């Protein structure tokens, strides 16, 4: 409002000065024109030569000086308060008003107009400065707005006087009257708790009020256009409790994650220790076993004379068979330890998946026939993978051997492969005994013999699946097992293809 009044007053003063200047100059030129016309007629009517004329004529608006110039070229240029009149053969008559009497009057009136504008601006500033409280209409607007807001709301003048507040504000801050000032309200609130500044940026201040009863209020201050400001109060007690609970849960999650990481490191260290132990044990046991097997072979052939009783030959054969079985078991343990420990490197040669499956099928076809099973070889996929030939044959052979071992007579074993643009999947499916979820979960651990259903003759130490899984993972693939009791088992081994050239047969 003060700026508007000031601009209006200055504009009015400027227009008055312009109008007064134009009017004064116009009146002076009209007087000069009237006087000059009369004097020019009188001089032009005179036929006798005239001496140089210099005359002063006093008017009500000032003094007019008249000069006659016989030579027009010597006459001065016209000004704002001068006029020239031709007088025939006598030359030019120049009339000029006295500027010393015109401009001071204009200046006085201009200063008076500017003084009036300054006075109006000062009065307006004084009224706005000393009367901060909004008028009745503004108070009504503020009150209507405060009543519609669902949170506590109060409007204050820039000096801290309360303008209006709604009922929520009164209830949450325990206000009884409207005569309270902002500093008094803040002092009252801090006396019952403490206040913490959360944010003070972009002309908005955000504070948290923590009270003695445990409640928490969020107070937000926002400026208004007329220099006043408003405060918004929100009860955030429940949100604070939820945040505290959430922080506690996150802290517990961090502790659990750290403990999990520590236990994982311990488990990995234990696994490495186990692998190293098995590797050393296999090396230490294989040497005496080789001696036992060798001496049993010599005794069986009676290289240094007969043994006597023929039963000794059966005992020697049992010693040799048991030793060979132990040697094979420890060799398998050593292989698993080397595979899991990353000590055994696998080759990476291009291999045809169809040729691998044909070789495995040829190897086990006789065994399936003796077990009374039908062996089904799926259609070729035409895929070429990169891997270790002996390792992949052993991987597939272990799964096929398990399938034959746990499938009753009359069942079926299927060996198939399916290729895509990014990999190939080898599936070994049987219609055997199957496994429940508990048994299926135990297959991830070596030496898992299972229940009595699986303790058949020739069952090893449960390392075949573990070795196959290790070979699949070292080849960049994965192995998955799906099984149901009395329905059979399907083992899927996925291997990656290095490039699209690995698929020779498309469709």
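The values are calculated or read from the model by the stated rules, or taken from the named source; none is laboratory data. Note that this is a predicted model, so its numbers are computed, not measured. For neighbour counting, all protein chains shown are included, and Cβ atoms are generated from backbone atoms with ideal geometry for every residue, glycine included.
Quick notes on this one:
- Taking the numbered list (1) free of Cβ contacts under 8 Å to residues at least 24 places away in the same chain; (2) touching a helix residue (DSSP H, G or I) at 6+ places or on another chain (Cβ under 6 Å) in turn, residue 442 passes all entries but (2).
- Counted residues, the stretch 461-485 - those being modelled with pLDDT under 85 and in a loop (DSSP other than H, G, I, E, B): 3
- Test: residue 313 is farther than 18 Å from residue 339 by Cα, surrounded by 13 or more Cβ atoms within 10 Å (Cβ to Cβ) and either at pLDDT below 80 or assigned by TED's automatic domain parsing to the domain that holds residue 335 (or both): yes
- Of the residues making up the stretch 191-205, at least one is assigned to a helix (DSSP H, G or I) and either surrounded by fewer than 16 Cβ atoms within 10 Å (Cβ to Cβ) or modelled with pLDDT of 80 or more (or both).
- The single residue among 407, 368 that is surrounded by 16 or more Cβ atoms within 10 Å (Cβ to Cβ), touching a residue at least 60 places away in the same chain (Cβ under 8 Å) and within 27 Å of residue 486 (Cβ to Cβ) turns out to be 407.
- Qualifying position, being surrounded by 14 or more Cβ atoms within 10 Å (Cβ to Cβ) and either modelled with pLDDT of 80 or more or not in a strand (DSSP E or B) (or both), among 32, 38: 32
- Which numbered condition residue 381 fails, given (1) part of a loop (DSSP other than H, G, I, E, B); (2) surrounded by fewer than 16 Cβ atoms within 10 Å (Cβ to Cβ); (3) touching a strand residue (DSSP E or B) at 6+ places or on another chain (Cβ under 6 Å): (2)
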